[in-house]
Amino acid sequence: MATGLDTGFVLFDTAIGACGIAWNGRGIAGVQLPEGSEHETRARLRRRFPDAREAPPPVPVQRAIDGVVALLRGEPSRLDTVMLDMDGVPPFHRRVYEVARTIPPGTTLSYGEIATRMGEPGAARDVGQALGQNPFAIIVPCHRVLAANGKVGGFSARGGVRTKLRLISSERAGGHGALPLFGGATEDRPPSR
């Protein structure tokens, strides 16, 4: 992704507020969910990417932005092919993010299910820690990952669990996914593991 810039960033409006995205020649370097204001979101991006300059996004980045905006409006959007710059991301985290990117919109997996899919069934806590450090929110849909037994678990973005539930709800409102929310839980039946 040749941009003419080492690292650039831009803010963009979404249904949940002003988000930000940073990129470099290797792909998307990070996504920032809304802070308290546009100014705070910009400041957070500048702290995360101090060498980045605010600039118009190149075409591949604009496609990623369009996908994030659509998804947050509850519209169909595929983000699993967006190129990410994983330099500096630990190998275990990379594996977690790769599995998380396979979760369809409107559906969820548990931390334990991700660990099992990675071939490390005892690593649910480590999966949670990796997702808590996810630099690519929405593109790596950490909001689609729940704790055991369908419990919401944590969320490190501003608004915490409330934001996580809002993201999941926006996907469900758009009719995404064939599986029920929270791993198939019903009032009569506990969620599947």
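Side notes on the structure shown:
- Members of the range 87-107 that are open to solvent by less than 30 Å² (accessible area, probe 1.4 Å) and over 14 Å from the mean Cα position of the chain (by Cα): Val89
- Each residue in the range 26-48 was checked for being in contact with a strand residue (DSSP E or B) (Cβ under 8 Å, 6 or more places away or on another chain), under 28 Å from Arg95 (Cβ atoms) and surrounded by fewer than 21 Cβ atoms within 10 Å (Cβ to Cβ), and 3 of them qualify.
- Test: residue in the range 63-77 that is out of contact with any Phe, Trp or Tyr (no Cβ under 7 Å at 6 or more places or on another chain), closer than 29 Å to Gly119 by Cβ and open to solvent by 70 Å² or more (accessible area, probe 1.4 Å): no
- Counting only helices (runs of 4 or more DSSP H) that sit wholly inside the range 108-193, those with at least 1 residues that are at pLDDT 60 or above, open to solvent by 30 Å² or more (accessible area, probe 1.4 Å) and aromatic (Phe, Trp, Tyr) are 111-117.
- Checklist (1) farther than 14 Å from Phe136 by Cβ; (2) modelled with pLDDT of 95 or more applied to Trp23, failing item: (1)
The values are calculated or read from the model by the stated rules, or taken from the named source; none is laboratory data. Nothing here was measured: the structure is a model prediction, and the numbers come from that model. In this analysis, Cβ positions are derived from the backbone assuming ideal geometry, glycine residues included, and neighbour counts consider all displayed protein chains. Side chains included, ligands, DNA and RNA excluded: accessible areas come from the protein's heavy atoms. Shrake-Rupley method; radii C 1.70, N 1.55, O 1.52, S 1.80 Å.
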